[in-house]
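The values are calculated or read from the model by the stated rules, or taken from the named source; none is laboratory data. Bear in mind that the values here come from a model prediction, so they are computed numbers and not experimental data. Because the Cβ atoms are built from the backbone with ideal geometry, glycine has one as well, and the counts that use them run over all protein chains shown.
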Amino acid sequence: MTSSVPTRRHAIADDLRNQILTGQLKPGERLPAEAQLAAQFLVSTATLRNALAVLQAEGLVEKMHGKGNFVRRSLRRITYLGGKGTLDPQTVAEAASRFTVHGTTVRAHGPLPSLLKMPAGGLLVELSCISHEGESPHGLARIYIPHDLAPVGVLDNASLHREAVTRFPVLSPPPATVRETVCARPPTPDEATTLQTNSAMPMLAITRIATDATGRVVEAALLVFPWDRVEAVFTTHHMIDERQAQG
C-alpha cells in the first residue's frame, strides 16, 4: 500500500510553491542560498536541490548558473502558426517581442545533410534567430538554406532584423510544401544557456523542412521554445475532390 505522506522534497516544494503563488516570493526575486534553505528546512543540500528541481520542472523557479535560484517571471505566450512557419503578429505584439539575428556561412554537418538531402560539407547559410520579451528569450530558431539559394543580402544584419520581426522563413517565393515534425524533449546544454532555462524544462521542438515544386529541399529550420512560452496552432483544411466540387 502506497503511503500518502509527502516526501521531504515534495513538502519543501509545496512550501516554496505556496510562497510563490501567494506573492510572498515575487517574480524575479532571488531565493536564499541553497545552503541557507537547506538549514531552514533541516534537510541536506541534496534534498533541497531535489525540491527545487520539482519547481524548476513546473516552471516556477529557474536556476541561473553562478547567480542562484530565482522565482520565474511569467511570460506572455506567443503563438506559432504551424504550416505557415510564422509567429502570430498579434501575440508577438502583446508580448512586446524583439528579435536578435545572426547570419553566417557553415558547412553541412550532423543531421543537416540528411535534412537538406545534400552531401556532408556542402555550403549553407545559417541564420540564428532569438525572440525576446524584455530580457527573457522566448524561442530559438536556426534556419539553414543552401548557399546558392540564399536571398541576396541575407547575411546583412539590418535586413535580417527587418525580415525576422514576425516570421522565421526568409525564402521568396514561398516554398511549395512545408513539412513540420513536432516533439517535446529536454533542452540541449546550449539551448538551456541560450534560452536561460534549466535542463528540467521541457522544450517544444519543431523541425521544419521546406521544398520547392521540383522536390528540392530549400530550407531546414530547427525551432525550439520552452513549453511555457509558446503554443503551436495547426489548422487543417479539408480537401474537396474536384469531381465533388463540380457536382
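Some values worked out for this structure:
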{"item": "Residues being in a helix (DSSP H, G or I), touching a helix residue (DSSP H, G or I) at 6+ places or on another chain (Cβ under 9 Å) and loosely packed, with under 13 Cβ neighbours inside 10 Å - total across the stretch 16-39", "result": "1"}
{"item": "Residue, farthest from the chain's Cα centre (by Cα), within the stretch 5-43, restricted to residues that are among the acidic types (Asp, Glu) and closer than 15 Å to Lys63 by Cβ", "result": "Glu34"}
{"item": "Residue match in the stretch 87-94 (condition: in the same structural domain as Val154 (by TED's automatic domain parsing), part of a helix (DSSP H, G or I), within 26 Å of the chain's Cα centre (by Cα) and buried (at least 18 other Cβ atoms within 10 Å of the Cβ))", "result": "yes"}
{"item": "Close pairs from the stretch 66-95: first at positive phi, partner assigned to a loop (DSSP other than H, G, I, E, B) and not aromatic (Phe, Trp, Tyr), Cβ under 6 Å, at least 6 apart", "result": "Gly85/Pro169"}
{"item": "Members of the stretch 193-234 found to be among the polar types (S, T, N, Q) and within 23 Å of Ala96 (Cα to Cα), listed by number", "result": "Thr193, Thr194, Gln196, Thr197"}
{"item": "The stretch 106-141, residues that are assigned to a strand (DSSP E or B) and acidic (Asp, Glu)", "result": "Glu126, Glu133"}
{"item": "Among the residues listed as Gln56, Gln90, Gln36, Gln40, the single one being more than 23 Å from Arg9 (Cα to Cα) and among the polar types (S, T, N, Q)", "result": "Gln90"}
